[in-house]
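The structure appears below as structure tokens.
The values are calculated or read from the model by the stated rules, or taken from the named source; none is laboratory data. Source: prediction; values computed, not measured. Using ideal geometry, Cβ is built from the backbone for each residue, glycine included, and neighbour counts are taken over all protein chains shown. Accessible surface is based on the protein model in full, side chains and every heavy atom, while ligands, DNA and RNA are left aside. Shrake-Rupley method; radii C 1.70, N 1.55, O 1.52, S 1.80 Å.
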Amino acid sequence: MVTCPYCGFKGEFKDLREPWKFRFYTVRMLECPKCHGVFNYYHGVSPRSRKVSEFTIKVKPRRK
């Protein structure tokens, strides 16, 4: 489940572009419907340790 890094909202997010690959991650650019913050969501399985890894990176500050 994805959580907004700006406001903590959990739920459905708007995809702003097609997902792409970065190393072993699948990256999605998402927009929060509550605060309109834009962030990248990374999800993947490490090829060495086989651990699932997921995290978010803020892209733009939320619009006011």
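Here are some notes:
- Solvent-accessible heavy-atom area per residue, rounded to whole Å², over the range 1-53 at 1.4 Å: 68
- Per-atom-type breakdown for the chain gives carbon and sulfur 52% of the accessible area (1.4 Å probe, protein chains only).
- Total charge dipole magnitude, the chain, about the Cα centre, Cβ charges on Lys, Arg, Asp, Glu only, Debye to nearest 20: 220
- Remark: the residue 58-residue 14 segment gains 14.4 nm on full extension, using 0.36 nm per residue and subtracting the alpha carbon distance.
- Label-point gap, in nm, between residue 26 and residue 42 - each point 7 angstrom along Cα→Cβ: 1.7
- Dmax and Rg, reported as Rg then Dmax, of the chain (C-alpha, Å): 12.3, 42
- Coupling constants for the range 4-20 follow from the phi torsions by the Karplus curve (6.51 cos²θ - 1.76 cosθ + 1.60, θ = phi - 60°), and in residue order they are 5, x, 8, 10, x, 5, 10, x, 8, 10, 8, 6, 8, 7, 5, x, 9 Hz; glycine and proline get x.
- Lysines with Cα under 25 Å of residue 34, excluding same-chain neighbours fewer than 8 positions away: 10, 14, 58, 60, 64
- Peptide ranges 45-51, 2-8 listed from the most packed, as the mean C-beta count within 10 angstrom indicates: 2-8, 45-51
- Extension reserve of the residue 49-residue 34 stretch, reckoned as 0.36 nm per residue once the Cα distance is removed: 1.8 nm
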